[in-house]
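Participant: This is the structure, below, for whatever I ask next.
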Amino acid sequence: MVAKAKTELDISGMRAAGNAAASVLDMIGPHVQPGVTTERLNQICHEFIVDTLGCIPAPLGYTKSPHTPPFPKSICTSVNHVICHGIPTDRKGLKSGDIVNIDVTVIKDGYHGDTSKMFLVGEPAILASRLVKVTQECLYKGIETVRPGAFLGDIGNAIETHATRNRFSVVHEFCGHGIGRVFHDAPQVLHYGRAGTGSVLEEGMTFTIEPMINAGSRHLKVLPDGWTVVTKDHKLSAQWEHTILVTGRGYEVLTLRAEESFG
Ligand code: MF3
Ligand code: CO
Ligand code: CO
């Protein structure tokens, strides 16, 4: 089954959840500074999600398989060569030149909103800023293919084409996903592939697009904690994510932030 919003009520629920998730990224921005620990960022987001928004942080206690321990924190923080699912830690603070992805998923009235963005800490190197910018462009180019009748493969193709044109690589092992009352639902939204292949998009579907783009090779490994995914070559990785609704004419970005001008 594919995550498909069936009623106008589902759609307003997803819109509210998406807005709430986006507001967490707006809120946390000024706190992402040299010296701050990712655990401090986690605490600030947790309190905001629970006390201010009255939402549930979906990652906290989330289990992906019976062999992996539940995720121990409320957000994912993925620094530099961490591709995704980085666990907030108080071991060391962020330093100038770091790039960090903050990935927020909230549950509001039973609906999930899932979004992430990259933050540049202090003075980033040219390669780091270029990777972050190209990865955001990959997300936007993927989103712009979305309309009823388009194919899932159109999204992946747009992302892969833009990444490889810039001599970056696309992570294959993790993908976007259907989302709604369920966090990770069908379909799988691959960030590579061929236009005109895969399932056809239909009005009312809700899913994420969340490309992970590497400066070096696409290959990865998972650390012994069972969660943290890093590049095998320890080169930089970036990711941006939005939750999308397929509308009658195209798409609506449910997790749009005020700083974003498209949509
Ligand atoms: N937010 C991530 C995604 O985009 C999933 C995080 S699961 C967690 O799908 F348990 F690591 F938080
Ligand atoms: Co997601
Ligand atoms: Co996410």
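Participant: Inside region 64-110, can you point out the residues that are away from ligand 2 (no atom under 14 Å from the Cβ) and under 20 Å from residue 50 (Cβ atoms)?
Facilitator: Hits for region 64-110 are 70, 72, 73, 74, 77, 87, 88, 90, 108, 109, 110.
Participant: Also: Quick check: anything in region 247-257 open to solvent by less than 50 Å² (accessible area, probe 1.4 Å), basic (Lys, Arg) and not in a strand (DSSP E or B)?
Facilitator: Yes, region 247-257 contains a residue that is open to solvent by less than 50 Å² (accessible area, probe 1.4 Å), basic (Lys, Arg) and not in a strand (DSSP E or B).
Participant: Just checking, which of 243, 247 is polar (S, T, N, Q), within 15 Å of ligand 1 (Cβ to nearest atom) and over 18 Å from residue 164 (Cβ atoms)?
Facilitator: Numbers: 247 fails: within 15 Å of ligand 1 (Cβ to nearest atom).
After applying the criteria, what remains is 243.
Participant: Please indicate, with yes or no, whether at least one residue in region 158-169 is assigned to a helix (DSSP H, G or I) and either under 28 Å from residue 16 (Cα atoms) or under 16 Å from the mean Cα position of the chain (by Cα) (or both).
Facilitator: Yes; the residues of region 158-169 include at least one that is assigned to a helix (DSSP H, G or I) and either under 28 Å from residue 16 (Cα atoms) or under 16 Å from the mean Cα position of the chain (by Cα) (or both).
Participant: Okay, next question. What's the number of the condition residue 92 fails, among (1) on the phi > 0 side of the Ramachandran plot; (2) at pLDDT below 95?
Facilitator: (1)
Participant: Name the pairs: first residue in region 100-113 and more than 28 Å from residue 128 (Cβ to Cβ), second residue surrounded by fewer than 24 Cβ atoms within 10 Å (Cβ to Cβ) and charged (D, E, K, R), Cβ to Cβ under 7 Å, at least 6 apart or on different chains?
Facilitator: Between residues of region 100-113 that are more than 28 Å from residue 128 (Cβ to Cβ) and residues that are surrounded by fewer than 24 Cβ atoms within 10 Å (Cβ to Cβ) and charged (D, E, K, R), the close pairs are 110/181; 111/181.
Participant: Let me ask something additional. Please verify whether residue 29 is among the small types (Gly, Ala, Ser) and either more than 28 Å from residue 222 (Cβ to Cβ) or in a strand (DSSP E or B) (or both), treating the condition exactly as stated. I'd like the intermediate steps shown before the answer.
Facilitator: Numbers: among the small types (Gly, Ala, Ser): yes; either more than 28 Å from residue 222 (Cβ to Cβ) or in a strand (DSSP E or B) (or both): yes.
Answer is yes for this residue.
Participant: Name the residue that is farthest from residue 245 (Cα to Cα), counting only residues in region 166-189 that are free of Cβ contacts under 8 Å to residues at least 60 places away in the same chain, open to solvent by 50 Å² or more (accessible area, probe 1.4 Å) and away from ligand 3 (no atom under 16 Å from the Cβ).
Facilitator: So the residue we want is 167.
Participant: Take residue 217 and tell me if it is touching an Asp or Glu at 6+ places or on another chain (Cβ under 7 Å) and of a type in the set (Ser, Thr, Tyr).
Facilitator: Values: touching an Asp or Glu at 6+ places or on another chain (Cβ under 7 Å): yes; of a type in the set (Ser, Thr, Tyr): yes.
Judged against the criteria, residue 217 is a match.
Participant: I've got another one for you. Counting only residues that are within 13 Å of ligand 1 (Cβ to nearest atom) and within 17 Å of the chain's Cα centre (by Cα), which one in region 190-222 is most open to solvent (accessible area, probe 1.4 Å)?
Facilitator: Residue satisfying both the conditions and the ranking: 210.
Participant: Mind checking which residues of region 240-262 are within 23 Å of residue 120 (Cβ to Cβ) and in contact (Cβ under 8 Å) with a residue 60 or more places away in the chain? Before the answer, list the steps.
Facilitator: So the first thing to find is which residues in region 240-262 are within 23 Å of residue 120 (Cβ to Cβ), and the list is 240-242, 253, 255-262.
Correct list: 240, 241, 242, 253, 255, 256, 257, 258, 259, 262.
Participant: Looking at the structure I just gave you, is residue 41 modelled with pLDDT of 95 or more, within 14 Å of ligand 3 (Cβ to nearest atom), surrounded by 16 or more Cβ atoms within 10 Å (Cβ to Cβ) and farther than 18 Å from residue 242 by Cβ? Talk me through it step by step, then tell me what you get.
Facilitator: Details: modelled with pLDDT of 95 or more: yes; within 14 Å of ligand 3 (Cβ to nearest atom): no; surrounded by 16 or more Cβ atoms within 10 Å (Cβ to Cβ): yes; farther than 18 Å from residue 242 by Cβ: yes.
For residue 41, the condition - modelled with pLDDT of 95 or more, within 14 Å of ligand 3 (Cβ to nearest atom), surrounded by 16 or more Cβ atoms within 10 Å (Cβ to Cβ) and farther than 18 Å from residue 242 by Cβ - is not met.
The values are calculated or read from the model by the stated rules, or taken from the named source; none is laboratory data. Just so we're clear, the structure is a prediction, and the values are computed from it rather than from any experiment. Using ideal geometry, Cβ is built from the backbone for each residue, glycine included, and neighbour counts are taken over all protein chains shown. SASA here: full protein model, heavy atoms, side chains in, ligands and nucleic acids out. Shrake-Rupley method; radii C 1.70, N 1.55, O 1.52, S 1.80 Å.
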